[in-house]
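See below for the structure under consideration.
The values are calculated or read from the model by the stated rules, or taken from the named source; none is laboratory data. What you are looking at is a predicted structure, and each value in this text was computed from that prediction instead of being measured. Positions of Cβ are generated from backbone atoms using ideal geometry, with glycine treated the same way; all protein chains shown enter the neighbour counts.
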Amino acid sequence: MTSAWITGAHGFIGRHLARSLQANGVKVAGIGHGFWPEVESAHYGVSYWLNGEISASNLRQMQQVLGLPDVVFHLAGGSSVGSAIAHPREDFTRTVVSTAELVEWLRQDSPATRLVAVSSAAVYGSSYSGAIPENGRLSPFSPYGTHKLMMEELCRSYAANFGLRVVLPRLFSVYGTGLKKQLLWDICGKIAAGGSVDLGGSGDELRDWIDVRDVVHILNQISKFASADAPTINIASGTATSVRAIAELVTKQWSNVGSSKPLITFNGRSRPGDPFSLIADVTQMRQYTMASFIPVTQGIAEYVNWYHAIMENQE
């Protein structure tokens with residue numbers, strides 16, 4: 001791979017992926033939403049950034065400037081279950097319509113390009129209590145999961161009918177420094193505001209946490225397995241960790257950096273669209289890639305340290 005495009009390169013995973021690719025000698029371009037000054041995008045290894053919709057006209061504009069890419073990493077789309085429930089039409093457009101535009105451009109203009117279309121564990125739904133294999137039943141529990149599944153089906157259709165080379169990684173609970181949303185960001189923000197921290201659910205909910213650095217390492221490796229068979233691969237650590245345990249890791253590290261340890265409580269009210277358990281069977285992933293995972297204890301400690309650094313810079 002000498003050139004790659006990343007849709008959604010301005011996002012959390014996209015920035016990490018771009019920097020990793022550039023460090024390995026890949027020329028990286030990106031497209032998506034957000035003003036991104038050249039000096040900032042270059043910091044993340046992005047040599048060309050187009051602020052706009054994923055459309056045939058914008059993709060052809062990139063083609064004229066850059067030529068055709070070896071790989072497209074498709075990270076653009078809806079960003080969370082909550083926002084998809086609040087704005088389902090917008091989530092559909094960002095996830096499904098953008099994918100339709102991308103695969104049609106690939107079919108017409110760049111059929112030899114490999115496509116890594118990043119999906120989510122949300123496609124599995126809420127009926128699982130143990131490790132979920134890729135061939136498990138798909139029953140999305142939210143508009144977010146439904147739209148991700150529709151995205152997958154579009155990619156599979158273009159692979160089967162037009163020979164596009166596709167691989168479909170399903171990400172579980174990705175976290176890491178730079179993530180300014182979701183559970184860790186919320187916990188740190190509430191602790192910083194002072195007092196006890198009240199969280200939804202029981203605290204016993206199980207998730208499969210994986211550091212973003214591990215994710216981009218695996219995405220780099222599996223791109224070469226894109227094919228007309230459109231294989232689906234769970235991307236996770238394969239280890240179940242409760243929300244309560246994650247919260248305890250955050251509070252422990254918070255006290256380690258010199259602040260008092262806050263009290264964490266759970267109100268028992270689960271958020272709409274949130275399954276109780278999402279844990280991956282990673283047997284298939286192990287066949288595609290060798291990965292030594294960053295322990296969640298290390299990753300959470302680094303996240304809290306990063307959050308503290310932000311606070312200090314704002315003072």
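The figures follow:
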item	result
Total residues in segment 102-145, condition crowded, with 21+ Cβ neighbours inside 10 Å and within 19 Å of Pro231 (Cα to Cα)	16
Residue satisfying all of: in segment 288-315; of a type outside the set (A, V, I, L, M, F, W, C) and outside any helix (DSSP H, G or I); modelled with the lowest pLDDT among these	Glu315
Which listed residue, of Leu154, Leu219, is crowded, with 23+ Cβ neighbours inside 10 Å, within 22 Å of Ala9 (Cβ to Cβ) and not acidic (Asp, Glu)	Leu219
Within segment 6-89, helices (runs of 4 or more DSSP H) holding 3 or more residues that are at pLDDT below 95 and over 16 Å from the mean Cα position of the chain (by Cα)	38-43
Tally, over segment 231-269, of residues that are among the hydroxyl-bearing types (Ser, Thr, Tyr), in contact with a Lys or Arg (Cβ under 8 Å, 6 or more places away or on another chain) and crowded, with 17+ Cβ neighbours inside 10 Å	3
Segments classed as strands (runs of 3 or more DSSP E), wholly inside segment 142-199, with at least 3 members that are among the aliphatic types (A, V, I, L, M) and touching a Pro at 6+ places or on another chain (Cβ under 9 Å)	165-171
Scan of segment 250-282 for residues that are more than 30 Å from Thr146 (Cα to Cα), polar (S, T, N, Q) and not in a loop (DSSP other than H, G, I, E, B), ordered by number	Thr251, Gln253, Ser255, Asn256, Thr265
Check on Ile233, in a helix (DSSP H, G or I) and either more than 19 Å from the chain's Cα centre (by Cα) or not hydroxyl-bearing (Ser, Thr, Tyr) (or both)	no
All positions within segment 157-190 that are over 19 Å from Asp274 (Cα atoms), crowded, with 16+ Cβ neighbours inside 10 Å and among the small types (Gly, Ala, Ser)	Ala159, Gly176
